[in-house]
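First the structure, in the form of structure tokens, and then the observations on it.
The values are calculated or read from the model by the stated rules, or taken from the named source; none is laboratory data. Fair warning: this is a prediction, and the values are worked out from it, not measured in the lab. Quick reminder, even Gly has a Cβ in these numbers, built from the backbone with ideal geometry, and neighbours come from all protein chains shown. Remember, those area values only see protein heavy atoms, side chains included, never the ligands or the DNA or RNA. Shrake-Rupley method; radii C 1.70, N 1.55, O 1.52, S 1.80 Å.
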Amino acid sequence: MSGAPGETPAPAEDRERRGTLRGALAGLTTRGRSFLAAGFAAAACSYVLGQDDLLRVGLLLSVLPLVCVAVLYRTRHQVAGSRRLAPARVPAGSEARVHLRVDNVSRLPTGLLMLQDGVPYVLGPRPRFVLDRVEPGGRREVSYRVRSDLRGRYPLGPLQLRLTDPFGMCELTRAFSTRDTLTVVPRTEPLPPVRLSGDTPGYGEGRHRSLALAGEDDVIPRGYRHGDDLRRVHWRSTARYGELMVRREEQPQQPRCTVLLDTRRVAHRGTGPDSGFEWAVSAAASISAHMLERGFSVRLLTDTGDTVPGPGTDGGTGTPGDFADTAGLILDTLAVVDHSDEPGLSGAYDHLRGGQEGLLVALLGALDEEQTAVVARLRHRTGRAVAFVLDTGAWAREPDADPDGFAGRLRLLREAGWSTVPVRPGAALPDLWRMAERARAGAPAGGQAEADMTGRTEERR
């Protein structure tokens, strides 16, 4: 829309300033509006009655709220706020502390300040703080705690600052644009060291044994070639074969581990922190962290075929930074993982059937005959496969319509070469991890081991 001839449209800054001033006038409290109305009334009465003293009173009553608005309007833009999380990633059920800081960057002291931070209801009540006068160039720091039993990513903010004048004439609110995110990751448990590595050459415990016997440079002699470093000559093999032999440098392959998490909605029952699905997510986090600590290259795979780290990358463990980055990436993914609408595990099967995968640890929900056959075929592409299968009927506390079906599917998986471990409510992951060591391919986990684990569970209850 164009203006009249000879008129220049107001710049955007002027329009914004006018809107801000109107908002500041809208911040007048009931007391401020009453003073303003009383001042106008007194001025009108002084004009009608011809009383100059009444006019002075009216001017005083009218000017006082406007002066308070002007002072607060200026102070509003001279106060800075910031937020800091310690830590920014916290396990479910643990507390994190949020530190708030307010700086007065103006040359005038502030009035009464009220802080309010935006917090989702899952993390607790919305924190509010009242700060007294802040001197010029001064700062105030406050903190509060947040806690959640549910994993996820929770936004914090915006931080709202409410300013009031000493007379209670005006209240202005300033919302800072900065936001932070608190990541609540699944709880992890320390697992005992067990032998679960695959039988594929170059993977698993074989790598550690070779390092223990020969060190980083595996001594495999070969014939001397022109240009070889003479310092690599292996004199014992030279004397044995009667020709010059040198040490061949063999870099052992890094053992690999794939953690398969079944997130199908049809495979799990119940919701909440004590559900079977949440147990599986927490177990996936614990197993991933444990295998990374043991030097494995770990990746997380879901039934949809999604992998973490993504295609073309491996879970690095060459340096402490690689280990921390991979562990953090997997935990951040598990913090927000949810049920999928996939009917089966074909996505994971299509991803795994391309080659050797080393050790495969699967956390599975309910399986029908078709999905049991799919899981059985997964075994042929791995060095060793361990399956933790949830007894969904027991987790849902509902009578199982087919009590023999669960045991029968475990038997089919064992016959296919899986080491199977049934998971029931109250089972401790470290105990199940030890059972997985005893569960050799083609053999059950062991009745005595399962009975011992059940007994320990009853004692904890």
Next on the checklist: Quick check for you: with a 1.4 Å probe and neighbouring chains kept, what is the accessible area per residue of the stretch 365-424, in Å²?
Outcome noted: 45 Å²
Checklist outcome for this item: Burial-style ranking of 359-365, 128-134, average other-beta-carbon count within 10 Å with highest first, yields 359-365, 128-134
Checklist entry - Across the stretch 419-427, in residue order, what do the Karplus-derived ³J(HN,Hα) couplings come to in whole Hz, using 6.51 cos²θ - 1.76 cosθ + 1.60 with θ = phi - 60° and x for Gly and Pro? => result 9, 9, 9, x, 10, 10, x, x, 6
Checklist outcome for this item: Computed ³J(HN,Hα) along the stretch 181-186: with the Karplus parameters 6.51/-1.76/1.60, θ = phi - 60°, integer Hz and x for glycine or proline, the list is 10, 9, 9, 9, 9, x
Item to check | Heavy-atom SASA rank of TRP279, TRP235 (probe 1.4 Å, accessible area, largest first) | outcome: TRP235, TRP279
Next on the checklist: Quick check: net charge around ALA86, other residues with Cβ under 14 Å of its Cβ, Lys/Arg +1 and Asp/Glu -1?
Outcome noted: +4
Item to check | Values of log10 I(q)/I(0), in the order q = 0.18, 0.19, 0.28 Å⁻¹, for the stretch 144-196 under a Debye, Cα-only, solvent-free model | outcome: -0.80, -0.83, -1.09
Checklist entry - In terms of solvent-accessible area of protein heavy atoms at a 1.4 angstrom probe, what is the ranking of THR178, THR110, highest value first? => result THR178, THR110
Next on the checklist: Against the 2.2 N^0.38 Å scaling, with N counting residues, where does the stretch 343-395 land? I'd like the Cα-based Rg ratio to two decimal places.
Outcome noted: 1.14
Checklist outcome for this item: With every protein chain in place, the accessible area of MET114 for a 1.4 Å probe, in Å² rounded to the nearest 10, comes to 60 Å²
Item to check | Peptides ranked, highest mean first, by Cβ atoms within 10 Å: ranges 256-266, 42-52, 224-234 | outcome: 256-266, 42-52, 224-234
